[in-house]
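The values are calculated or read from the model by the stated rules, or taken from the named source; none is laboratory data. Just so we're clear, the structure is a prediction, and the values are computed from it rather than from any experiment. As a convention, Cβ positions derive from the backbone with ideal geometry for all residues, glycine included, and neighbour counts pool all protein chains shown.
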Amino acid sequence: MTSETFPNSKTVYGPVTSWRFGESLGIDPIFETSTCSFNCFYCQLGHIQNITTLQRVYVPTEKVLKDFKEALDSSKKIDVITYSGSGEPTLASNLGEIVLGIRKLAPEIPQFLLTNGTQFHLDEVKENIKGIDKIIFKLDALTEKEFQLINRPAPGVTLKLIKENIKTLKENYTGDLEIQTMFMPLNSSDLKSYSEFIAEVKPKTVQLNTPKRPYPLSWHRENRGNHNAIFDYEVRDLRTVSQEEASDIEKELRQNTSAEIISIYRN
């Protein structure tokens with residue numbers, strides 16, 4: 001893989017074509033190395049190098065805004081701005097500054113946040129996301145055992161914390177809230193508990209996903225937004241749910257919740 005294919009010197013990457021969001025310009029407020037409060041066994045980044053809940057400035061706001069200006073000038077179409085990248089974006093204590101700075105530069109483009117929800121009990125994080133138009137929470141498990149096996153969180157992070165953070169944010173957040181779930185054979189059996197939680201928190205949309213992208217066996221920043229599965233290093237394919245199984249999950253949710261359901265198999 002060449003640097004021309006996926007330039008890795010910028011905190012802004014893409015736009016990449018997303019099955020969920022269209023042409024998505026990625027903002028990476030972590031950047032320096034893979035840093036997250038999860039170490040999901042399906043992560044497109046591979047094994048996370050820095051598993052932490054530490055809040056700090058990982059990249060100066062000025063660099064992100066400079067990279068964004070350059071991307072804005074060179075991109076023909078941007079449907080959404082998506083905060084993701086090299087790990088959990090809410091670990092960046094300057095996330096709020098970045099959001100406001102980008103809003104001034106491109107007020108018409110919606111800003112979305114992809115998050116695992118581990119930091120939303122912190123007041124500073126709630127403040128940082130006030131300018132975000134849509135928050136997409138990761139929720140891959142409904143039991144603590146599954147949570148530890150799939151998401152492999154930083155010490156002290158529990159599934160109970162994640163669920164409470166989602167429910168608390170729903171009460172106060174005025175933007176759209178979505179849930180995205182990576183379904184695999186490991187976590188697709190207890191649909192009743194899953195649909196009950198969805199019915200309780202009432203997200204606008206539920207995204208049904210399955211790990212179609214392989215797991216890199218080494219860290220490469222180029223995997224940010226690598227939707228075309230271009231690899232020149234070793235990767236491992238993961239077990240997915242079938243289209244029929246995905247249809248059963250979708251049917252269960254449609255019968256028992258009011259959320260809009262979008263599926264990787266249909267989109």
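Would you check if residue 108 is surrounded by fewer than 19 Cβ atoms within 10 Å (Cβ to Cβ) and within 18 Å of residue 59 (Cβ to Cβ)? Spelling it out, it is not the case that residue 108 is surrounded by fewer than 19 Cβ atoms within 10 Å (Cβ to Cβ) and within 18 Å of residue 59 (Cβ to Cβ). Being in a loop (DSSP other than H, G, I, E, B) and either at pLDDT 95 or above or aliphatic (A, V, I, L, M) (or both) is a property that residue 29 has. Only one of the numbered conditions (1) of a type in the set (A, V, I, L, M, F, W, C); (2) in contact with a strand residue (DSSP E or B) (Cβ under 6 Å, 6 or more places away or on another chain); (3) closer than 20 Å to residue 135 by Cα is not met by residue 71, and that is (3).
Among the residues of segment 86-121, the ones that are touching a strand residue (DSSP E or B) at 6+ places or on another chain (Cβ under 6 Å) and acidic (Asp, Glu) come to 1 in all.
Of all residues in segment 32-54, those being among the β-branched types (Val, Ile, Thr) and either part of a strand (DSSP E or B) or buried (at least 21 other Cβ atoms within 10 Å of the Cβ) (or both) number 3. Across segment 62-104, the qualifying residues are those that are under 28 Å from residue 46 (Cβ atoms), small (Gly, Ala, Ser) and more than 20 Å from the chain's Cα centre (by Cα), and the one among them that is modelled with the highest pLDDT is 71. Residue 51 meets the conditions (1) in contact (Cβ under 8 Å) with a residue 60 or more places away in the chain; (2) under 17 Å from residue 136 (Cα atoms) in every case but one. The failed one is (2). Only one of the numbered conditions (1) touching a residue at least 12 places away in the same chain (Cβ under 8 Å); (2) closer than 15 Å to residue 28 by Cβ; (3) out of contact with any strand residue (DSSP E or B) (no Cβ under 6 Å at 6 or more places or on another chain) is violated by residue 124, and that is (2).
For segment 63-105, what are the residues that are of a type in the set (Val, Ile, Thr), touching a Ser or Thr at 6+ places or on another chain (Cβ under 7 Å) and either surrounded by fewer than 19 Cβ atoms within 10 Å (Cβ to Cβ) or not in a helix (DSSP H, G or I) (or both)? Listed by number, the residues that qualify are 80, 82. In a residue-by-residue description of segment 3-11, the property of being part of a loop (DSSP other than H, G, I, E, B) and closer than 23 Å to residue 155 by Cβ applies to no position.
Residues are listed down the side, and each one gets a yes or a no for (1) over 16 Å from the mean Cα position of the chain (by Cα); (2) modelled with pLDDT of 95 or more:
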| position | (1), (2) |
| --- | --- |
| 137 | no, yes |
| 159 | yes, yes |
| 168 | yes, no |
| 172 | yes, no |
| 189 | yes, no |
| 192 | yes, no |
